[in-house]
Amino acid sequence: MENLLGKIEAVLSEKEIQVSDELVFLINTRIKPPLRVKKEDINIRAMYLVSDEVNSFGGCFPLSEHPILAELLVDSPVLIGHSREKLPIARNFKADLVKKDGANWIKVYFYWLKNTPEANSLKDNIDHGIYKECSIGFSFEFPECSVCGQDMRKCPHIPFRTYEKESGEKVRAYYNYRNIIRVYETSLVYRGAVFGTSITNELELFQKHECADGICKYKRIYKESILESLKKAGLEKEADLSGEIMKEGYTEDKIRITCEKNSEQKILGSLPGVFRDRVIFTRKKTRFIPTSFILQNQIRDDAKDCLISFENGKNLSVLHLYRFDLDLLDKGKRFLCDFSEKVESVNPLDDRARTLDRGKCKMQKESESIIRLEFEGEILKAGFLLRKIHLKGRERWLFYKRKE
């Protein structure tokens, strides 16, 4: 019988879990790591952490406490076995309220870096069911008895015992975790106090779906997309996002942008076409009060000095700004210069003059008609605005001081 030679090629059916742009965006905006993470740098998994069923200690997280607990879970560390003797192995960045097996659960997303020691070991042990259960370390103020509603530390009822109410109904005693103050950590443990805790690689329900121009099929527009467009056009200093897109990181409704009137068209032009119909512009609220009229705003030819003269009561005050860089100001760049303030009498017979103040001044050109100044002197410590106005056919500058 002839020897038969054969060749079999096999590949693993297990595929690498794909990390979505949305989840990476949430990590960078909520955790704010000094070095922004990229999808190729991290592993992400999720844990079904707590439900609204009674745990092995006789405690329960009632559904009404789940939204508060979900907020507190974001940016909490992930430990092993509640041990605080070692640094965290991962960090939580997202918590969702979900249903599983007939109970209400909080599903918590956590991430860790791929290139750290034991990173692959952690992933393999999770994905192959060795690290399977989880737990939470937290503090709360009031253990509410399920029978009488009082503090269970003081009432006569004992967890897991059955009691008969006045109506004749028999109920099992347990306590609700009320007034949750803080989440200290979540942990991978050998056995969770809440029955049914588990760790999963199911992330697809919360993935960002096929998107074009930063807008997904659910009509979400992400803050990151808007900021990137503004930055490319050099307009990030002229526009402030507000409303839902700032609070949640995305919006399914309108994009609210606060800016000056003369910047609206430039900002619209910088955004992708699919965004423009959803933009609502609002005006900046002036938190400055006018002080007095500027008499002159003289910039030296060498663009190194600037004199700003204005009336202050019976005196004439002159601000002398040194190292004044007109080019930087025209480009909208913030820069630091020195200043001195001198005061002179407006009475031509009184030639007294003295220096009132010296210090540093940070300057930023907000628009063609507004210059922002932040003085750091002994007397001038507040913020000021120079605003160009037209009064009786003449161009004047008005000096504003920030409201207290």
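Ranked by how many other Cβ atoms sit within 10 Å of their own Cβ, fewest first, the residues Phe324, Phe275 fall in the order Phe275, Phe324. Classify region 30-86 from the C-alpha gyration tensor, please: rounded if a/c falls under 1.5, else prolate or oblate depending on whether a/b exceeds b/c. Judged from the Cα gyration tensor, region 30-86 comes out prolate (a/c at least 1.5, a/b above b/c). Summing +1 for each Lys or Arg and -1 for each Asp or Glu among the other residues whose beta-carbon sits under 12 angstrom from that of Ile280 gives +1. Rounded to the nearest 0.05, the FRET efficiency derived from the C-beta distance between Glu376 and Thr258 at R0 = 22 Å is 0.25. Here Tyr163 and Tyr190 are evaluated by their C-beta separation; at R0 = 35 Å the FRET efficiency comes out at 0.60. Along the axis of the charge dipole computed for region 21-206 (Cβ charges of +1 for Lys and Arg, -1 for Asp and Glu, origin at the Cα centre), the listed residues Phe93, Ala193, Ile80 are led at the positive end by Ile80.
Here the spin labels are modelled as points 7 Å beyond Cα on the Cα-Cβ line, and at Leu113 and Arg84 they lie 2.5 nm apart.
Seen from Thr162, the other residues with C-beta closer than 10 Å to its C-beta sum to a net charge of +2, counting Lys and Arg as +1 and Asp and Glu as -1. Each DSSP beta bridge with both residues in region 211-282 is either parallel or antiparallel, and the antiparallel ones are about 65%. A full extension of the chain between Lys388 and Leu63 corresponds to an added length of 111.4 nm, given 0.36 nm per residue minus the alpha carbon distance.
Taking 7 Å steps out from each Cα toward its Cβ at Asn104 and Lys231 produces label points 3.9 nm apart.
Counting Lys and Arg as +1 and Asp and Glu as -1 over every other residue whose Cβ lies under 14 Å from the Cβ of His66, the net charge comes to -1.
Amide hydrogen proximity for Arg178: with H placed 1.01 Å from N in the peptide plane, the residues at 5 or more positions away or on another chain lying under 5 Å are Glu141, Phe142, Glu144. What shape does region 21-206 take by its C-alpha gyration tensor, where a ≥ b ≥ c are the square roots of the eigenvalues and a/c under 1.5 counts as rounded, a/b above b/c as prolate, and the rest as oblate? Taking the square roots of the gyration eigenvalues as a ≥ b ≥ c, region 21-206 is prolate.
Label positions at Asp41 and Arg334, each projected 7 Å from the Cα along the C-beta direction, are separated by 2.4 nm.
Every number here is computed from the coordinates shown, using simple stated rules; none is lab data. Keep in mind that this is a model prediction, so the values were computed, not measured. Cβ atoms come from the backbone with ideal geometry, glycine included; neighbour counts cover every protein chain shown.
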